[in-house]
Amino acid sequence: MIRTIAIILLALSTGGAGYFGWTQKKSSTAATAQVAELTEKVEEADKKIEAAAEELAASKELLPPLMTKVQELDAVKAAFSTGVVLKDLEAAYAKEKKGLSPERQLGLAGVRLLTNGTKDPATVEAFQKALEMTDWKAQQKVICAAQNALAAAGQKVKVMSECLPEGAEAKKDSHGAPAGKADAHAAPAGKDAHGKDAHGKDAQKDSHGTASTHAAHWEYQGAMGPENWGKEFPTCGRGKSQAPLNIKGPFEKVRFNVAPDYKQGQLKVVNNGHTIQVNVPGGSKIRIDGKPFDLVQFHFHRPSEEHIDGKPSAMVIHFVHKNAEGELAVLGVMLREGNENPGIKTLWTHAPKSEGPEVVPDGVMFNPANLLPREMDFFHYDGSLTTPPCTEKVKFYILKTQVNVSKEQMAEFPFKMNARPIQPANGRPIYTN
Ligand SMILES: [Zn+2]
């Protein structure tokens with residue numbers, strides 16, 4: 001369990017690339033307040049344990065709800081208390097010769113705080129210093145990483161609504177539902193993630209439904225469709241190496257190959273409102289020109305975003321990888337209409353039909369290699385994330401060999417159209433091996 005947390009924390013705190021994009025616009029003060037709240041909560045946990053003991057004597061009726069809170073906070077603290085996460089993180093960072101980025105420093109300081117508690121003034125001071133050095137997105141990422149990691153590891157922990165998948169936020173916005181509703185998505189999470197129940201005064205500064213905040217959302221059609229993504233996400237509109245591309249010759253030749261080494265692991269699948277995404281446990285890798293990248297997640301588009309000679313395929317799977325430097329590489333496997341795909345059959349059995357939290361079906365294992373063709377010949381180009389915030393410097397490797405998906409399986413995919421249109425190549429070469 002601790003291993004899972006370490007991996008997720010590492011993945012999130014070493015990235016900067018916004019793939020996990022927390023795209024809401026918020027003032028840095030609000031984010032700082034949230035971080036301060038986390039610190040406060042750890043402190044409060046201690047107080048609450050004391051208070052609970054007192055209240056046990058005073059009133060036995062008050063105790064059960066209070067104890068639940070104490071246990072939740074204890075779960076957070078307990079998960080970090082062995083120091084294994086901290087050691088993992090320190091060891092990983094120690095290997096690097098160059099100085100740590102502010103984001104990494106904050107990640108480290110955050111884990112230290114959760115491990116050592118707030119009793120040590122030096123730890124608290126280091127955390128606050130790291131906080132000042134980073135922007136709000138990084139700060140929020142650390143909190144979300146910790147919360148989501150604990151939730152994913154099966155710990156009973158509240159997840160702030162800001163930490164829910166983007167789609168959950170978008171939905172909340174468009175329905176204008178009260179903030180508490182969105183929290184319901186986050187499984188054991190609840191509205192008092194902000195400690196509101198404990199101290200109502202914080203209601204003012206949290207993001208729930210207040211006029212000062214706005215969750216930027218996006219869709220594949222209409223006013224929030226791809227033509228308008230650039231209004232909220234500048235790179236989507238102004239970027240010069242955006243994806244997807246129409247793949248057509250002449251091609252330039254490269255000599256390297258891509259070699260996946262995917263492993264079987266616990267299936268974790270989420271409907272995030274934009275796609276079906278499978279979050280991959282650590283251990284699956286791909287080597288590109290000999291360099292290792294970790295497989296983080298894979299997801300589906302219908303029809304395929306990439307076109308070959310002007311034509312899309314029925315669907316595409318994007319396998320998203322990240323290396324130690326935070327660079328992203330996407331392996332694309334085009335799906336053509338044909339026989340039933342047994343791998344997809346397993347996924348569709350467990351994938352939620354509508355937007356919601358990640359599901360982890362008990363004992364269901366999945367090997368992403370089951371979705372790959374035998375031949376690994378590819379087209380390659382430099383592109384971007386194909387969803388907001390459309391971050392560039394993402395390397396694409398689109399396999400030439402397609403795999404089957406049945407008509408029925410296509411119909412079962414909950415998104416009728418979730419493909420960004422073809423983007424201008426702007427003179428970018430397309431390579432082939
Ligand atoms: Zn994709």
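The values are calculated or read from the model by the stated rules, or taken from the named source; none is laboratory data. Note that the coordinates shown come from a computational prediction; the quantities given were computed from them, not determined experimentally. So basically every Cβ, Gly included, is an ideal-geometry build from the backbone, and we count neighbours across all protein chains shown.
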Open item on the list: For the structure I just gave you, tell me whether Lys353 is assigned by TED's automatic domain parsing to the domain that holds His274, touching a residue at least 24 places away in the same chain (Cβ under 8 Å) and out of contact with any strand residue (DSSP E or B) (no Cβ under 8 Å at 6 or more places or on another chain).
Closed with: no
Task: the stretch 389-404 residues that are closer than 16 Å to Ile317 by Cβ, paired with ones that are surrounded by fewer than 17 Cβ atoms within 10 Å (Cβ to Cβ) and among the basic types (Lys, Arg) (beta carbon under 7 Å, 6 or more apart) - done: Gln402/Arg336; Asn404/Arg336
Task: Residue under evaluation Lys285, criteria (1) under 30 Å from Lys407 (Cα atoms); (2) within 19 Å of the chain's Cα centre (by Cα), criterion not met - done: (1)
TODO: Determine if the stretch 386-401 includes at least one residue that is touching a Phe, Trp or Tyr at 6+ places or on another chain (Cβ under 8 Å), outside any loop (DSSP other than H, G, I, E, B) and more than 16 Å from the ligand (Cβ to nearest atom).
DONE: no
Open item on the list: Among the residues that make up the stretch 303-312, is at least one of them acidic (Asp, Glu), touching a residue at least 24 places away in the same chain (Cβ under 8 Å), in the same structural domain as Pro424 (by TED's automatic domain parsing) and out of contact with any Ser or Thr (no Cβ under 9 Å at 6 or more places or on another chain)?
Closed with: yes
Open item on the list: Based on this model, can you work out whether Asp197 counts as at pLDDT below 95, more than 16 Å from the ligand (Cβ to nearest atom) and acidic (Asp, Glu)?
Closed with: yes
- [ ] Among what's in the stretch 200-253 and is of a type in the set (A, V, I, L, M) and crowded, with 18+ Cβ neighbours inside 10 Å, pick the residue that is modelled with the lowest pLDDT.
- [x] Ala215
- [ ] Please list, ordered by first then second residue, the pairs with beta carbon atoms under 8 Å, 6 or more apart or interchain, first in the stretch 274-289 and under 30 Å from Gln221 (Cβ atoms) and at pLDDT below 95, second outside any strand (DSSP E or B) and more than 16 Å from the ligand (Cβ to nearest atom).
- [x] none
